[in-house]
1. Kindly indicate whether any position in region A:42-54 is closer than 29 Å to residue A:340 by Cα, outside the structural domain of residue A:253 (by TED's automatic domain parsing) and part of a strand (DSSP E or B).
2. Cβ-Cβ under 7 Å, sequence separation 6+ or interchain: first residue in region B:77-106 and within 14 Å of chain A (Cβ to nearest Cβ), partner among the acidic types (Asp, Glu). Which pairs?
3. Condition first: of a type in the set (Gly, Ala, Ser) and surrounded by fewer than 24 Cβ atoms within 10 Å (Cβ to Cβ). Now tell me which residues in region A:124-141 satisfy that.
4. Have a look at A:159, A:148, A:167 and point out the one that is assigned to a helix (DSSP H, G or I), within 17 Å of residue A:191 (Cα to Cα) and at pLDDT 90 or above.
5. Within region A:288-309, does at least one residue satisfy the condition of being surrounded by fewer than 22 Cβ atoms within 10 Å (Cβ to Cβ), closer than 18 Å to residue A:149 by Cβ and either modelled with pLDDT under 95 or away from every other protein chain (no Cβ under 14 Å) (or both)?
6. Kindly provide the set of residues from region A:447-463 that are part of a helix (DSSP H, G or I) and open to solvent by 50 Å² or more (accessible area, probe 1.4 Å), ordered by number.
7. Can you find even one residue in region B:126-138 that is aromatic (Phe, Trp, Tyr), part of a loop (DSSP other than H, G, I, E, B) and farther than 30 Å from residue B:188 by Cβ?
8. Can you tell me how many residues within region A:495-509 are over 21 Å from residue A:297 (Cβ atoms) and not hydrophobic (A, V, I, L, M, F, W, C)?
Amino acid sequence: MGLLSDPNRRRALIGMLTRLNAPICMICYMAGVAWFMGLAFEPFTLRTYMSENAMGSTMVEERFPAGERALATGREFAAHKKKTGGMPVDWLVRTMQARGLEVYTQRFSRKLPFPDEDKERYMVKGTNVYGILRAPRAPRTEALVLSAPCSPGNENNQAVGILLGLAQYFRSQIYWAKDIIFLVNEHDLIGMQAWLEGYHHTNTTGMDWSPLQGRGGSIQAALSLELSSDVVTSLDLVLEGLNGQLPNLDLANLFYAFCQKIGVLCTTQGKLPRNDWDTTSGYSHAVQTMMLMVLKQASSRPWGDHGLFLRYHIEAASIKGVNSFRPYKTDATTVGRLLEGMYRKLNNLLERLHQSYFFYLMPSLTRFVSIGYYMPAFGLLALILLLRALDLWVQLSSPPTRTTEDGVEVVPASPGVLSILTPLVISHLTGVALYTLPVLSQELAVEHFPVSETEAVVLTAIAIYTAGLALPHNTHRLLAGEGTEQGWKVLKLVAVLYLAVLLGCTALINFSLGFILALTLVPLAAFITPHVPKTLSAVVMVILSPGLTLLFAVFFFQELQETPVTLQEGWMLYLSVISQGILDHALYGSLLYPLAALLVYPCWLLFWNILFWK
Amino acid sequence: CARAPMYDFQEELVIRPLHSGDIYASFQFRTVWDADFMGDQKVSHYRLFPKSLGQVITKFSVRELHISFTQGYWRTMQWGQPYLPSPPGAELWVWFQDTVTDVDGTWKELTNVLSGIFCASLNFIDSTNTVQPSASFKPLGIGNVTDHSFLRYATLPREIVCTENLTPWKKLLPCGSKAGLSVLLKSEKLFHSTFHSQAVHVRPVCQDPQCRTTSMELRQTLNVVFDLHTSGQGKREWSLFKMFSRTLTEACPLASSSKVYVDVTDNPQVRPFELSPATPLLTQAVVLGDRRTYSVYDLTQQASFGSSRSLNMLLRWKAADGEMLRPLLHSERYVAGYGLQAGEIHTLIYNHHPYRAFPVLLLSAVPWYLRLYIHTLTVSSKGKDNRPSYIHYQPSKDRERPHLLEMLLQLPPNSVTEVTVEFERALLKWTEYTPDPNHGFYVGSSVISALVPSVVAMDTNSTLDRPLFSSFFPCKEEASYFMRVYTEPLLVNLPTPDFSMPYNVICLTCTVVAVGYGSLYNLLTRTFQVDEPSPGLAKRIANVIRRFRGVPLL
C-alpha cells in the first residue's frame, strides 16, 4: 500500500499496467488455460483419501448372499410392470410388506410447460412406492435412502430386484442405527422431485403430490441404483447434481474403497483410472475424464436421480451398472455386497458427511482437484477483466484533451446517464423476452407455423436470441444522438465490471460453468471496441456468444464420449439440449436457463452494442 | 405410639403379541408404603421401599416424581397403544410440595442427584430445557394441586439408554434381580430388542377407601418389544426362554402378588392362539378403551410351575397380515423446508374415530436456538382453520429458557389436524456447539394428552355377552380414557462453522487486519504534501566538496 500512497510509484505502476495491458492480458489468458489443462496432470493432483473417521477405520463385513434371488425378484417385477403397463404399485406394496417394511405410496402429477419429445411425456401422472425399514431402538431421527427408478421398457428391473433383495436382507439385521428408506420412483426425476418435495413439504416447482404418510427423520445420505443387466463389468459413479452441486467427496471415496475391497471395476464418467500418467495417452485420458465432468457440471442438470437430493443437503450419488464387452463380469451378489458395505458404513456415521471437499473436479476416480487448486485458473481469467477495467478507468479519468482550431482546449462532455442506461435496459429487456416468451408464445407459434410445441419453444428462443443482434441500431434510433468516444468507454467499463461480477459469482457456485463462460466471454470483453474491423469482429463475437458456446459444447461432449455426431445430428441434439434446459428449469429449478437468458446474454449484448457504437 | 408402617409389594408381567408379529412385554413392580413423607415426622426405617429414593423424596419435598428412560420409538401404527407411553430419551417431571420455596434451585439439585442414582445425564437438565406446563401434566396421585409453579418438566431426547441405566433401576427392586419376575431382566436380551423403556413413578395414593391417610406408591415399569422378524426367521412363535433366555421358577418371596398375564383376546377369525402350558385362569379387563382377555399365571401358586418346577410359556399364532393399524389417535412430526436459515415444524395429529370429535392438549417445548415465529402458527383440520380454544405460549429467552407452546385442540372425527409453525435457526457461539455439531440438534418430542373415546363404547351393536339391561346406553364402561402420545423427536441441523477452520480464520483475519486495514488506515489518515525532492547522492557529495572549496552550493 505504500506503493499506492506514493504518487510517483503509483503513477509508474499504473503507467506500466496501462502500457502493458494487452500483453499482460494475453499472458493471463494463456496462463489460465494452461493452469486448467495442468489440473489433469497427475503430479499436480491429490490422491483421494477418506476424511471421515467414522468411515475410515471401522471394518464391516459384507455378507449379502441372495443375488440370484434378487434377480428373480427383478424378473417378477418386470413381468408385473409389463402387465400393468407402468408402475406395479400393488405388487410392490405387497412385496415390500412381505419383507417387513412399513410401506407407503405417494401419487403425483405434473403438466410439463411443453411436451418433452426426448422422453415423450407431457401430462405426467405416477406413483412412488417406498418402504421404511425401521431401525431397532432408534427414535426416527435419521434415515438413509436407497432408490431405484421404475423405468419404461426393460430398463432397471435388476436395480429394483437388488433393492428388494437388500431390503429383505437388511430387515433381518440388528445393527441398523438409522432408518433405511427403499424408494422406487416412477418417471425418474419427476417422481424423485415429487418425493423429495413431499418429504420436506416444500413446493418449489408447482407439482401436485399427495402428502407422505411416513418419514424417517432427516436423511443423511442417499444412493440411487441403475442396473439393467444381470451381470456387470463395471460400476460407474455419477456425482453431478442439480446446478452443478456435488456430494461430499467422501461419498466417492467410500464407493471407491468398497470397489477396491470387493474387487469390482469402477469408473467415473465411464473412464477407468489409469496409471500411465507420464504418457501422452494417459494424460489425454485424464483430460477427457475431467472435461466430461466439467461439461456435465456446467450443464447444471441432474445426471442421475441422486441429483435432486443435493438441494436438501443430502449427500447423494448414482451408481450405474455398465455391461460392456470385457470378459470379467461381476454378478448381482457382489453388487449387493458392495451396497451393503456402503450402507453399513453410512449407518456408522455419527455426523452427516462434511469432513471432505464439496468443491472438486475428478480427473479420475482416484485423483481429485480441490477448489484451492482450480480456482486460480479462473482467477487468472477474471484478472483480465479487472485489468481492462483499470485501463478504461485510467483513460476516463485523464481524458485526452482536444485542441480546436481556435486553440481552445475542449474537454469532451461526460456522457449522459441515458446513453449508458438505455443499452443496459434494452438488452435486459431482450433477456426477459428470451426468458419468458418461448414458453408463453408456444400456442401462438403452433397456430401459425407447422411445428410441434417443443420445436416452437426452441425455435422461438433461437429467434429472439438472433433478433437481439439487431438491437444496436434500434438503440441508436431511440437515443437520437451520436455515440461519443467517452460514451462507449463508460459503457464498456460498466459491461466489463458487470461481466467480472457475474462470472465471479457463477464460478463460486458452479466452477465449470463460470470457467467455460469466462473462456469465451473474457477475450471478447477484452478486445471489443468500436474501432476494430466491424465484419470480422462481428463474426468472432457471434462465434464466442453463449448460444454458440453451447453448440460447441454439445459437439465437444459427444466427441469426448466417443460418440461423434454429424452436423445434422449435432444440430438436432442442440435443439433438444435447449428444450431440455428450459424443461430442467421448469421441472427441477435448474438455474442455467434463467442465468443465461437474464444475465449472460444481456451482458454479451452490451459488448455487441459497443461494437456497433458508431 | 406409632404403628409400624405397612408395606405391600406386587409384581406383574403382561405379555401381548402385537399386530405386527412382535412381542410386547411389560413389567410392573409396585411398592406401597404407608408412610407419610409429606408430614413432618422423619422417616428413617426403610424396608421394601428403596432408601436412596426415599431420602431424595424427603429431602427435596417431592410430591410426585416420574422419570423414564427410553431407547427407541413406540410404533403406534404397528403396535397399537403402549400401557405406559414414554418419549425417546429421558423424560423427567416432578411435582414439588407447596412448602418448597425455591423450586428452580430444588429442581436443579434433584436432577443432579437423580443423575447419580440412575447413572444418566440428567444433570444436563437446566433452565434451557425445563418448562412448566400449564395443563398437560396433572398430578397422577391424589391431591388437588393446580398451581403449576410447583411442576417442572424436562426431556433429554439425546439420552442413550443402556445397561448402566438398567442396573441401578434393578437395584431399587426389593428382590433385586435374584428372584421373582426380575430374574428375566437380563440386559443382553433386553437390549437386543426393538424398543426398550424403563420408568420410575412415585406418587401418593390413598391408603384406605375413605382416603384418610396417604401412602407412597413406587411403580417401576419396564417395557420391551422383541422383534421376531430378526430373531425368529419370521415364525410367529415365542417362549419366555426365547425372549429372556431365562424361565420363571418362583415368585419374589416379598411379593404379596406375583402374576404373569398373557393377552389372549380371542379373535377367532384372525389369530388362533396356542398357549402352553394352558391356564384355567382367565380375566377380562378394559385396557385403553378396549376389552381384553388375559390368561393369568399366579406365581405364588406352586401349581403354575407344573412338574418341571419352572414356567416357560410357549405361544404360537398364525401370521397376521402386515397391514398397518388405524389407532384412534396418533401423530407425526417433521421439519419441512430446506436450507440452513429457516424451516417449519409440522405436527400432524390423526383422529381416526369415525364419528366422535375429541379434545387433545398439545405441548411442545422447543429449544431457544430454533426461534419460533409464533405469528406463523396455523392449525387446520380438513382444510379449514381450527382455532385452538386455549393457547399458552411462553417465548424463549436466548440461552435461558425454551419456547413452551400448549394448545387445546378439538380434533374433528376422521381427520388430520396439522399444526405448523415456522422457525429460524440461530447461529450459536462457537463454544456452544456440541462435540459433533454436524450430527444436528435435537428437539424433544411433543406431548399429546387426550381423552379418547373408548372402543368398547364405540362398539354399539355388540350385545352378545352383555345382558340387555346393561346395553341400552352406548357408553356403558369407561366412555373415554386418558391417553398420552409422544411424537418423534426432531433432529435439526444448525448453521455450523467448519471447526477445522479457526486456525485458517485467525491467520486470514490477522493478515487482512495487518495488511489491508493498516495500509487503508494509513492512506486515509496521511496528509499528502508536495515535498522538495531530496538531492541525489552525487549532488550531495558534490555539495560536500563545494563546501570544502568554499564555493556556493548547488
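The values are calculated or read from the model by the stated rules, or taken from the named source; none is laboratory data. Because the structure is predicted, anything quoted here is derived from the model rather than measured. A quick note on method: Cβ atoms are made from the backbone with ideal geometry, for glycine too, and the neighbour counts reach across all protein chains shown. Areas reflect the complete protein model, heavy atoms only, side chains present, ligands, DNA and RNA absent. Shrake-Rupley method; radii C 1.70, N 1.55, O 1.52, S 1.80 Å.
1. yes
2. Taking only residues 6 or more apart or on different chains, the pairs are B:79/B:22; B:89/B:159; B:90/B:159.
3. Within region A:124-141, A:126, A:138 meet the criteria.
4. Selected residue: A:159, the only one of A:159, A:148, A:167 that is assigned to a helix (DSSP H, G or I), within 17 Å of residue A:191 (Cα to Cα) and at pLDDT 90 or above.
5. Scanning region A:288-309 turns up at least one residue that is surrounded by fewer than 22 Cβ atoms within 10 Å (Cβ to Cβ), closer than 18 Å to residue A:149 by Cβ and either modelled with pLDDT under 95 or away from every other protein chain (no Cβ under 14 Å) (or both).
6. If the condition is that a residue be part of a helix (DSSP H, G or I) and open to solvent by 50 Å² or more (accessible area, probe 1.4 Å), then A:447, A:448, A:453, A:455, A:459, A:463 are the ones that fit.
7. Yes, because at least one residue in region B:126-138 is aromatic (Phe, Trp, Tyr), part of a loop (DSSP other than H, G, I, E, B) and farther than 30 Å from residue B:188 by Cβ.
8. The qualifying residues number 1.
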